[in-house]
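Visitor: Questions regarding the structure given below will be posed in turn.
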Amino acid sequence: MTNIALIGCTGSIGRQTLDVVERYPDLFRITALVCGSDAEDLAALKKRFSPRVAHCANEENFSHEELFEDCDVAFIAVGGFAGLRYTMSAIEAGKRVLLANKESLVCGGEIVIQAAKKRGVEIVPVDSEHSAIFQALGFDRHARFEKLILTASGGPFLHFGIEKLARVTPEMALSHPTWKMGKKVTVDSATLLNKGYEVIEAKWLFGADFDQIEAVVHPESIVHSIVTFADGASVAQLGFPDMKLPIQLALTYPERLPCMPALDFSKLAALHFLPLPREKFPCFDLALKAGRAGGTAPTLLNGAAECAVSAFLQGHITFPRIAETIEEVLCDLPQGKAASLSALEEADGMARRAARALIYGK
Ligand code: MG
């Protein structure tokens, strides 16, 4: 029996995690639930799963220690920078972390990996691309490789010209061609910021250099990522684009249990791969630049991005303004060392204030 503390239980990943728990009640038990702010949803989930503790994140009067004291694994499914604090607390409690929160590694990679090493804590990827790489490496995160190749669907605007991109609406950005996901990550997929984030995630998870990581557009979202080895062999993981598999596998690996129908290769007409259109989607290079700079740069980028995407979804700024806001914040603010969680939290606050000032004029 695996006892799970699930942080971010009402979002897209959280709900699918609970479906896995319900499908295998002899294997999994929920000990703690944390949601964002929806007390009604949380009450319903409390009834269904009888966790020992359940909180809304906005209560802010509960201790993280209490959340993680009796679990075997911490499943961090909350979106955004807020996830980093939970990831750090779970590592400090010595619990294996199943990580669906990208920002923990994008913003906090340095301190997260350091703390995990110190405590001997394993970090298991849930993001589909990183799960694919983990699978292609035979679940051996120390295996030698030449290159990691992340696939990207390209999002809904892959073939849009620059003028058309200036007129896209939140509704258009929220209709992803292949994946069903939360709002923020769906918009990040449309700007390709998400793929930039995933390059940084891969760097930390697999100890890769930025030069060893590539991204390629694969519109069908069937090949979830590829590892290339020294002898020229490439190993990929294929499957339907559905988060159920990487979620369940993070919980059961190295064992595999029934989850999804397998692909019928006789019916797969064609798989396409093409270069990432970086010039049309500047967020990808902005993320890489911040990732290479390190320190607080990715946190500044992310703070600006969270504000800009939320402003875009509310109709306050245009789609191209998301990238411009991020770039201006990165340009304006001083970058420091990622010395501690509090240093990162300070940088995050600074970036949000700067982005809000740019968007709303103070
Ligand atoms: Mg992904």
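The values are calculated or read from the model by the stated rules, or taken from the named source; none is laboratory data. The model shown is predicted, which means the values in this text are computed figures rather than measured ones. Cβ placement follows ideal geometry from the backbone for every residue including glycine, while neighbour counts extend to all protein chains displayed.
Visitor: Just one of the numbered conditions (1) of a type in the set (A, V, I, L, M, F, W, C); (2) modelled with pLDDT under 95; (3) away from the ligand (no atom under 16 Å from the Cβ); (4) closer than 25 Å to Phe210 by Cα is not true of Phe145; which one?
Guide: Against the list (1) of a type in the set (A, V, I, L, M, F, W, C); (2) modelled with pLDDT under 95; (3) away from the ligand (no atom under 16 Å from the Cβ); (4) closer than 25 Å to Phe210 by Cα, Phe145 comes up short only on (2).
Visitor: Quick one: which of Gly109, Gly138 is away from the ligand (no atom under 13 Å from the Cβ), without any contact (Cβ under 8 Å) to a residue 60 or more places away in the chain and either in the same structural domain as Ser12 (by TED's automatic domain parsing) or over 13 Å from Lys203 (Cα atoms) (or both)?
Guide: Gly138
Visitor: Right, next: Looking at region 159-190 only, could you name the residues that are within 16 Å of the ligand (Cβ to nearest atom) and over 15 Å from the mean Cα position of the chain (by Cα)? Before the answer, list the steps.
Guide: Step one: of region 159-190, the residues within 16 Å of the ligand (Cβ to nearest atom) are 176-190.
Across region 159-190, the qualifying residues are His176, Pro177, Thr178.
Visitor: Among all residue pairs at least 6 apart or on different chains, which show Cβ distances below 7 Å where the first residue, located in region 18-47, is within 21 Å of Met1 (Cβ to Cβ) and the second is surrounded by 14 or more Cβ atoms within 10 Å (Cβ to Cβ) and among the polar types (S, T, N, Q)?
Guide: Correct list of pairs: Val20/Gln248; Leu27/Thr2; Phe28/Thr2; Arg29/Asn3; Thr31/Asn3.
Visitor: Let me ask something else about it. Which pairs do you get when a residue that is under 13 Å from His224 (Cβ atoms), found in region 238-261, comes within reach of a residue that is modelled with pLDDT under 95 and of a type in the set (Phe, Trp, Tyr), reach meaning Cβ atoms under 6 angstrom, with the pair 6+ apart or on two chains?
Guide: Close Cβ pairs satisfying both conditions: Pro241/Trp179.
Visitor: Are there helices (runs of 4 or more DSSP H) fully within region 242-361 with at least 3 residues that are aliphatic (A, V, I, L, M) and surrounded by fewer than 20 Cβ atoms within 10 Å (Cβ to Cβ)? List them. Spell out the reasoning first.
Guide: Details: elements: 244-252, 283-293, 297-313, 319-332, 341-360.
The qualifying helices (runs of 4 or more DSSP H) are 341-360.
Visitor: Checking the structure you have, find out if any residue of region 153-171 is surrounded by 23 or more Cβ atoms within 10 Å (Cβ to Cβ) and closer than 22 Å to Asp242 by Cα. Talk me through it step by step, then tell me what you get.
Guide: Filtering region 153-171 down to residues surrounded by 23 or more Cβ atoms within 10 Å (Cβ to Cβ) leaves 154-155.
Subset that is closer than 22 Å to Asp242 by Cα: 154-155.
Yes: region 153-171 contains one or more residues that are surrounded by 23 or more Cβ atoms within 10 Å (Cβ to Cβ) and closer than 22 Å to Asp242 by Cα.
Visitor: Any residue at all in region 206-221 that is under 30 Å from Glu22 (Cα atoms) and either within 14 Å of the ligand (Cβ to nearest atom) or modelled with pLDDT under 95 (or both)?
Guide: Within region 206-221, one or more residues are under 30 Å from Glu22 (Cα atoms) and either within 14 Å of the ligand (Cβ to nearest atom) or modelled with pLDDT under 95 (or both).
Visitor: Another question, then. For region 112-135, which positions are more than 19 Å from the chain's Cα centre (by Cα) and either within 15 Å of the ligand (Cβ to nearest atom) or among the charged types (D, E, K, R) (or both)?
Guide: Lys117, Lys118, Arg119
Visitor: Which residue is surrounded by the fewest Cβ atoms within 10 Å (Cβ to Cβ), if the candidates are limited to region 70-89 and must be β-branched (Val, Ile, Thr) and more than 17 Å from Cys56 (Cβ to Cβ)?
Guide: Among those residues, the one meeting the criterion is Val73.
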